[in-house]
1. Of all DSSP beta bridges located in the chain, what percent are antiparallel, nearest 5?
2. Could you please tell me the mean projected area of the C-alpha convex hull for the stretch 6-80, averaged over all directions and given in square nanometres to one decimal?
3. Determine the shape class of the stretch 216-321: with a ≥ b ≥ c the square roots of the Cα gyration tensor eigenvalues, call it rounded for a/c under 1.5, and otherwise prolate if a/b is greater than b/c, oblate otherwise.
4. Assuming 0.692 mPa s and 37 °C, estimate D for the stretch 5-264 with Stokes-Einstein, Rh taken as the Kirkwood radius over Cα pairs, in µm²/s.
5. With the crude spin-label approximation of a point 7 Å out along Cα→Cβ, what separation in nm comes out for residue 284 versus residue 613?
6. For the stretch 128-143 and the stretch 165-183, what is the centre-to-centre distance using only Cα atoms, to the nearest Å?
7. What does the extension gain come out to for residue 166 and residue 94, with contour length at 0.36 nm per residue minus their alpha carbon separation?
8. When only Cα pairs under 8 Å and 6 or more residues apart are kept, what is the percent relative contact order across the chain?
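No lab work stands behind these numbers, since they all come straight from the coordinates. Being a predicted model, the structure only gives us computed values, none of them experimental. All Cβ positions, even for glycine, are placed from backbone atoms using ideal geometry, and neighbour counts span all protein chains on display.
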């Protein structure tokens, strides 16, 4: 039987296990990337391993999240990351150079290679046919140390594309259509591989847009073939020498196949406050808009910014709208400027920001009270914008610029003739914003500011866990809800005691105090608990506060892995109806839990002390993950091995 593109790459990197869906496998990682919101913890974890040099083919440390320097904290973190990169053989991308996954796509991506990133939108590099996976920071640190990445072999789901996109419809509408059909949990346990005659109509950056927001489906990754469009992109970057053709075999089989006729799509928009709350733009026209942001984590390529710049030529944004531009990289901005796009944007009244995530992570650009904000971003979770409550819609650059011109949500086809964008045959490249590590790091001192605290020590699993249900929440709880982002919280990413004060702050401002008082705690959640960002702080900080188990109907992939990595039991209700039987404030007892996990038991029973009710849970983990839980976390296991 023939192989899919994803299967070919996985099998070429397979170090352990059999690549059959549901099996645990371990794959070699060629590249890693970190960004500053997660990277400080990654480097603290790597330093704790006592190694002198990273063991990957390439590791890059990007600074793209904590860009606002309102005091010393973020600047100190940047300095720490710069000196740690020099010390351990990592390329450092300076603040303002651009967003990790966008810059990696442009300057370092290699078809057929594996990329593990401590950013959930690492699969942007599907645009150049890398198997790119987002993961928790500790998994990335382990990969930097030369260890393979362990995961459950996903199903390879096919998405067959036919036709071609019409004018004013773009790749963003393709992934919004996927979210409309499948929801934010429709991709759990899957890699989506795009194939069919419509694929060739999509550029590498179109594919990057789709790969980026595949994370919002809960997918492990997304995949495109390495074809002539991939080669075209790499040659335009001056890196055509790394291209090689990788396509699915004619008789490749997919677990299931979704059919999308690109020519049948029309402009779509994700309404507040979930990426899967998707409607046709024509269905929500007329809603007054106060802010439009183009760029940031997704839709920040040359094509995306130039279509915006051309659409506003000889136009000005509506007087009630703040039109803002977040370039994905300094290279993008350079090339847009050379194409006269920056002049158009300035004359249209746009605010052009530095290259970085910015508003996508709540680092500035918060909307005003009751203001509707249209963003080309991948996420619109409640409060993520920096304002709470907020009204954030997700859309394409075309739909965003139409709202900026008309002052209300408007079908972009009403802008008139479509201004085509031709990407440069050769991009102007400036690699001076990378700092490459010295061959001899002996003279390098890693500089750590006062806000950077050592990684906390956690003990092994207890024989019996008895704790209070500190909080009970519903379905689709995001890591933003567990561990908020934004300009107030992000500066404490390298200080677990300080950042723990913000755990569940948006949902329950008293959570920190109750958890500290209880000593040992439990959190109860519904379906798809922990969706969204890869931030491992959503596991580390609760563990620091004494959370020893989380009960849920189901867990998102990365968050579940992070919980295990830091010794928190991820227990799934055996009977989903039992969710209703556990009230917040109940005392739960898990007796002899250590012995049961050692014995390989998959069903664990807890007792609700107040009622005596027994409730059973499934511990759906691999043998390796059992060892991690017993040790109290991956750091402990690695230290003892």
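1. So the antiparallel bridges amount to about 35 percent of the total.
2. Working: hull surface 27.8 nm².
Directional mean of the projected Cα hull area for the stretch 6-80 stands at 6.9 nm².
3. Oblate, because a/c is 1.5 or more while a/b does not exceed b/c.
4. The Stokes-Einstein estimate is 176 µm²/s.
5. About 3.7 nm, to one decimal.
6. That distance is 26 Å.
7. 22.1 nm
8. Values: 1656 pairs, mean separation 90.1, N = 641.
Rounded, it is 14 percent for the chain.
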